[in-house]
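Just so it is clear, none of the values below were taken in a lab; they were calculated from the coordinates. Only a predicted model underlies this, so the values are computations on that prediction, with no experimental measurement involved. Reconstructed Cβ throughout: ideal geometry from the backbone, glycine too, with neighbour counts over all protein chains shown.
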Amino acid sequence: MRPSGPLLDLPKLRSPSREFIASLGADELYAQLLAWAEEHDPELASVLVRHRGLALAAVATGRPEGAPARKDLDRWSCFRDRYGFFFTELFGPPPAADDDYGGLAPDLVRRIAADFAAAAPQAVDAATPERWLAELRALAVRHGYAPDTAAWRRDPGLWAGPPREVANVVRVALTGATRSPDLFAVARVLGAEEVLRRLTAVAG
């Protein structure tokens, strides 16, 4: 900051805050988050007390052990938006007509969700993300979509669309958003039973 006429907007203030939160160890992060929630978001505080292990797993999702924490929290009030979907008390899958499904017809969204629900337990319990990706590619092809982006680009007229449109249905059903941490890692934290429950809810 300059010594005279300093100007500091919120994005600049949030940058060191983001760095600070990312520097916290898991236990300290949980303790500070819980202290904030007890004062400002009692519902979240209640969930955190009941699901401490899940809260820690959620923040670590997609991050190899020992790697730096993701810098997606710049204030504690962001936790519900970023990670609330991990907790059944705070999340309900969007209905098939929701705009986040990318404009796909609700009947198609329901069919995709129902189809993937059949393979989800095996895919979630798989030891590697490659099995998960293979199931998503097979899901795309069964509904007329390309198995990968390269195939879509080579001959877009042959397919209903790129595979990301089908993967997005699964992502939104599980997280309520079109952007999330690594989807396989999310599914592993949620567990096969919860993944199946959310897909089934969308399938109707």
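General observations
- Over the chain, relative contact order from alpha-carbon pairs under 8 Å, at least 6 apart, %: 24
- Charged side chains reduced to their Cβ positions (Lys and Arg at +1, Asp and Glu at -1) give the chain a dipole of some 480 debye around its Cα centre.
- Residue 138-residue 99 FRET efficiency (beta carbon distance; Förster radius 22 Å; 0.05 resolution): 0.25
- Residues 112, 21, arranged from fewest to most other Cβ atoms within 10 angstrom of their Cβ, appear as 21, 112.
- The chain: calculated mean residue ellipticity at 222 nm from DSSP helix runs of at least 4, using -39500 (n - 2.57): -18500 deg cm²/dmol
- Residue exposure sequence - 143, 40 - by fewest surrounding Cβ within 10 Å: 40, 143
- At R0 = 30 Å, FRET efficiency that the Cβ-Cβ distance of residue 201 and residue 20 yields, to 0.05: 0.20
- Computed E for residue 177/residue 90 - FRET, C-beta separation, R0 22 angstrom, nearest 0.05: 0.95
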